[in-house]
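The values are calculated or read from the model by the stated rules, or taken from the named source; none is laboratory data. Remember, predicted model here, so these are calculated numbers, not experimental data. Cβ sites come from the backbone with ideal geometry, for glycine too, and all protein chains shown count toward neighbours.
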Amino acid sequence: MFDLQLKTEDRLLSENGFGNQQERETGTMTAEKVYAEPYRGHVSLGVALRGLIFVVPVIILGLVIFWGVRHGTDAQKVAGVVPGVVAAILWGIFVSGIRVAAQWERGVVLRLGKFQVVKGPGIMYIIPFIDNVRFVDLRLLTLNIPSQQVITKDNVPAAIDGVLFFLVADPEKAVILIQDFAFAIAQYAQATLRDVVGALSLDELLSEREQIQKRIAELVDQRIRDWGLHLDSIRLQDIEMPEDLKRIMSRQASAEREKRATITKAEGDKIAATNLAAAAVIMEKTPGAMKLRTLQTIDSLGAGPANTVVMFPVELAEAIRNLVQSAAKKNGETTVV
């Protein structure tokens with residue numbers, strides 16, 4: 001029962017132009033994705049108007065006929081009712097030619113199979129049994145581009161899906177020049193997507209999504225312009241790659257981040273060593289600087305039972321050093337201890 005449900009869902013998606021070729025052949029859904037279903041078809045706004053225009057006069061005519069023949073013979077009643085029925089039928093045929101187009105619709109009228117005029121919006125009239133009208137939606141329309149299996153230039157398989165935004169610019173061309181413009185633009189967009197992505201490497205596919213979308217849109221819009229359509233934009237949604245390739249890319253990205261961290265740490269150590277060397281030179285030339293640095297170090301230790309500081313006078317150390325130097329000079333030695 002569950003398999004039957006999957007097959008039914010696949011059939012419905014196939015009828016609406018969704019689902020890739022592999023899914024339609026196997027009868028199963030390989031990915032659980034929820035697509036927005038585009039609104040299709042024309043909702044007749046003239047049914048209530050035609051019913052009102054037909055029913056009210058027929059009721060009035062019926063009451064008049066009934067009032068006139070109510071006291072007559074059977075032959076007189078039949079003679080009065082038959083013309084009324086014929087008149088009601090003729091009136092119904094006349095009223096059936098009334099059509100109503102919404103503000104966002106246009107009606108392409110064909111008379112005996114030949115294009116006549118584009119009408120709408122609002123109330124329009126067509127000749128019954130002679131004229132035929134097809135309503136075209138002029139609003140921005142949306143179509144899903146189902147997942148497309150693409151091989152990139154560097155032989156990496158990827159599955160890409162997207163969404164297509166377009167509108168009808170010329171209702172006459174959209175109806176006369178092409179059988180089903182929505183299906184046609186969806187198929188052309190799928191083929192163009194495969195052609196464009198197939199000429200790119202994987203790195204270009206992942207890093208230049210905006211340029212890819214613009215390129216596909218330019219190619220599609222250039223072709224469908226002759227169909228009376230205008231492409232608003234194409235947006236790529238998901239780019240699916242094999243799991244092993246995803247793991248390799250993840251390790252590569254991790255190694256790249258570790259490399260940058262190591263280089264950054266080495267550069268920081270180099271800068272710190274350079275600054276310490278410069279500070280040592282300055283402290284050696286300025287005796288007071290070393291004393292200040294010593295006092296800062298002692299102050300940074302803080303007061304606490306865990307810190308025990310034994311103070312040794314700096315002046316005493318200098319005096320001892322001077323005595324040693326003097327003794328060395330008296331003995332004829334040049335080495336300074």
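Being modelled with pLDDT of 90 or more, charged (D, E, K, R) and surrounded by 16 or more Cβ atoms within 10 Å (Cβ to Cβ), is that true of even one residue in the stretch 75-85?
No, the stretch 75-85 contains no residue that is modelled with pLDDT of 90 or more, charged (D, E, K, R) and surrounded by 16 or more Cβ atoms within 10 Å (Cβ to Cβ).
If residue 205 passes every condition in (1) part of a strand (DSSP E or B); (2) at pLDDT below 90 but one, which one does it miss?
Failing condition for residue 205: (1).
Quickly run through the stretch 32-56 and pick out the residues that are surrounded by fewer than 14 Cβ atoms within 10 Å (Cβ to Cβ) and at pLDDT 85 or above.
Listed by number, the residues that qualify are 47, 48, 51, 52, 55, 56.
From 90, 110, which residue is part of a strand (DSSP E or B) and either out of contact with any strand residue (DSSP E or B) (no Cβ under 6 Å at 6 or more places or on another chain) or touching a residue at least 12 places away in the same chain (Cβ under 8 Å) (or both)?
Within the list 90, 110, the selection yields 110.
Mind listing whichever residues of the stretch 224-281 are assigned to a strand (DSSP E or B) and under 30 Å from residue 155 (Cα atoms)? Spell out the reasoning first.
Taking the stretch 224-281 as the starting set, the residues that turn out to be assigned to a strand (DSSP E or B) are 229-240.
Selection gives 233, 234, 235, 236, 237, 238, 239, 240.
Can you name the number of the only condition in (1) more than 30 Å from residue 91 (Cα to Cα); (2) among the acidic types (Asp, Glu); (3) more than 23 Å from the chain's Cα centre (by Cα) that residue 131 fails?
Single failed check for residue 131: (1).
Could you check, for the stretch 284-298, whether at least one of its residues is on the phi < 0 side of the Ramachandran plot and at pLDDT 80 or above?
no
Checking the conditions here, which among 150, 168 is within 30 Å of residue 241 (Cβ to Cβ), touching a Leu at 6+ places or on another chain (Cβ under 8 Å) and buried (at least 16 other Cβ atoms within 10 Å of the Cβ)?
Values: 168 fails: within 30 Å of residue 241 (Cβ to Cβ).
Step by step, each of 150, 168 is checked, and only 150 is within 30 Å of residue 241 (Cβ to Cβ), touching a Leu at 6+ places or on another chain (Cβ under 8 Å) and buried (at least 16 other Cβ atoms within 10 Å of the Cβ).
Please go through (1) closer than 24 Å to residue 230 by Cβ; (2) at pLDDT 90 or above for residue 148 and return the number of the only condition it doesn't satisfy.
(2)
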